[in-house]
Amino acid sequence: MRVEEPGPGGARDAVPTAQAWERALVHLEAAAGDLAALVSSLDGSGAPDAARLVATHTRLRRVTGRLDGVRYAVLPRIEDAGSWRSGGAARTFATWLRLREGVAASTARKDVSTARRLAQALPATRDRLVAGTLGADHARVMCEVAPTSRTRQDALAWLVDTRTGEVTTPEAYVQTVPVDVPDPSDDPDGERTRTRMTEALEAAVDDGVLVTGETLVLDEARTLDADRFRVVARRFATVTDPDADDADDDKAAEGEFLDLSRTFGGFHVAGFLTHEHGTLVTTAVNALLGAPSAEDTRTPGQRRAQALADVARLVLDTDQASPGAAVRPHLNVTVSWTELLAQAACTDEGRCAACGRGSGQGGSGQGGSGQGGGPGISLTRGGPVLTESRDRIPRSLLRRLACDSAITRIVFGPDGAVLDVGRAQRTVSGQMRRAVIARDRHCVYPGCDQPPSRCEVHHAVVHWADGGSTSAANSALLCWYHHQLVDTRGITMRWVGTSSTVNRQGAAATLLDSGWAFTDARGRRIRLPDPVDADPPGGTGGDPPGAAVVDVSDALDGRPAGAASTDGEAA
């Protein structure tokens, strides 16, 4: 085969195909070298402006897409030639390609699969990709979605009448349009009739009245990005072969799994869910996720992890998992009574939350010798652990659980036998919880509106482990996230009462004025920006003179307060 190329005088000279390919590759490599040499000029004073760079990037993407199309056209020819099998180094063509070009195995498999599907079932897609009228991502969508079963491959070649959207045949189509065919007596061999019918079919194809199934889908790519085009391609696949979707669903259900494995510092989660179950889990997680509050600096992944735990906690708290069970499944902790009091009364730094002294100051400390020689170490007591897994739990978690939980007294003998089991007693009773909910209505942390179903009752003024009473006056609703925040950041609370503005302005004002005052570890009042005055007329409650006020977003990351004044209000 020979290819015509312009000669010196403008006439087209016949050039062998192999030479034409080599010449085109030389020109391509030279053009790539020229572009590479221009990269260093991007930092200079004569660099193109942003508008030109945008156009450059678009053209480069289109050119690289066309080059991918050429590669995909070349690969099946190499595979069919069979020379790659010589030497026996590779058992498959994809393996040979990986070894030959040094690409990843996944890249080689994807290239070979795409090239095969373009050659066998998607000729129009390959032609448009090579011509630059179809993007590389759109072509990959067609390869991944459209020819995924034998029926769908056949449907790509179906003839479709765009006037009706129905599948047709050449013979059936010409019966629906006027065709000036000669009288049979004047055309005994039917040659002129076939010519007229062919002309009518060609005109219909040129006008877009008759298209193949593949072309019908590809025409949507002109106005859709690759993600939305995938929806159209999937619709085509579903309509043409719904049985394949059912088989895919069954296969996905068989491959469904969820692994929760204990590892250093926590659990590792891995799994695969069907679309149905994945959507259910995603919907449940998103329902508890909500919009991040102003002070929430967690990443989306961290917030989703917390929301997943919140889903489990909500199911267990509302007793929906096993309502008839004698003991509801929940988070169970085993700890001695003395350790519960000692550990829950300590901060994360090991200091007493009440007096601020360390465990080795002024006493023997836990398990110490009583000689004041520093904190003692006991190897006989295991400390607080999760009952089921025997994993240790952080002091901050034990302190938070002590606020709102059921405590069961179990007496063990010296040989480990159970001598006595007491009745489970909740640190907060049902009646008291209802009273706190009626007063607070939602999480009382500034700006938070999580409902009571996602909240725990926190011993607000004096912690339970510090001898605080379990009473409505010492209890407040905090969502799971803010409960942990208050316990771990040294934030204190006190009741100052709600102002009359709550009654006047409705529920929105309660986000700013819940009746509780929050103070961070530095003694600064935590509030939302531009807060509504939470102090009753006459100055009862509120901040003492000279107290600083901190924005709620500053209280958690250690930043200096954005504004402070001496009258307890934000500047």
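The values are calculated or read from the model by the stated rules, or taken from the named source; none is laboratory data. None of these values were measured; they are calculated from a predicted model. FYI the Cβ positions are ideal-geometry reconstructions off the backbone, even for glycines, and counts take in every protein chain you see. Please note that ligands, DNA and RNA were not included when accessible areas were found on the heavy atoms of the full protein model with its side chains. Shrake-Rupley method; radii C 1.70, N 1.55, O 1.52, S 1.80 Å.
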Total formal charge among the other residues, if their Cβ is under 9 angstrom from that of Glu144, Lys/Arg +1 and Asp/Glu -1
+3
Order by protection proxy (mean Cβ within 10 Å, highest first), peptides 439-446, 145-152:
439-446, 145-152
Grab the beta carbon distance between Arg71 and Arg91, set R0 = 25 Å, and tell me the FRET efficiency rounded to 0.05.
0.65
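Provide the packing ranking of 228-237, 452-461, i.e. peptides ordered by the mean count of other C-beta atoms within 10 Å per residue, highest first.
Ranking, from highest mean packing down: 452-461, 228-237.
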Here the residues of segment 445-479 lying in the modelled label zone of Ala291, meaning backbone nitrogen under 14 Å from a point 7 Å along Cα-to-Cβ, are 447-450
Label-point separation in nm, Phe264 to Ala244, each point 7 Å along Cα→Cβ
4.7 nm
Tally Lys/Arg at +1 and Asp/Glu at -1 over every other residue whose Cβ is under 12 Å from the Cβ of Met197; what's the total?
-3
Please give the residues of segment 195-225, grouped as numeric ranges, whose backbone N is less than 11 Å from a label point set 7 Å along the Cα-to-Cβ vector of Val167.
213
With every protein chain kept in the model, how would you rank Val179, Val63 by accessible area, 1.4 Å probe, largest at the top?
Val63, Val179
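Suppose accessible area is computed on protein heavy atoms with a 1.4 Å probe; arrange Phe93, Phe267 from highest to lowest.
Descending order: Phe267, Phe93.
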Overall Cα dimensions of segment 150-253 - principal axes, largest extent first, Å
65, 30, 18
Could you give the accessible area per residue of segment 108-199, probe 1.4 Å, as a whole number in Å²?
56 Å²
Full-extension gain between Leu60 and Leu280, please, as 0.36 nm times their residue separation minus the C-alpha to C-alpha distance.
75.1 nm
How would segment 222-293 be classified by its alpha-carbon gyration tensor: rounded, prolate or oblate, with rounded meaning a/c under 1.5 and the a/b versus b/c comparison settling the rest?
oblate
From the backbone phi of segment 156-162, what are the Karplus-calculated ³J(HN,Hα) couplings (6.51 cos²θ - 1.76 cosθ + 1.60, θ = phi - 60°) in whole Hz, Gly and Pro given as x?
5, 9, 4, 8, 10, 8, 5
How many percent of the accessible area of segment 173-263 is carbon or sulfur, using a 1.4 Å probe?
49 percent
Averaged per residue, what accessible area in Å² does segment 18-86 show with a 1.4 Å probe, protein chains only?
76 Å²
State the extension gain, in nm to one decimal, for the chain segment bounded by Arg150 and Arg192, taking 0.36 nm per residue of separation less the distance between their alpha-carbons.
11.4 nm
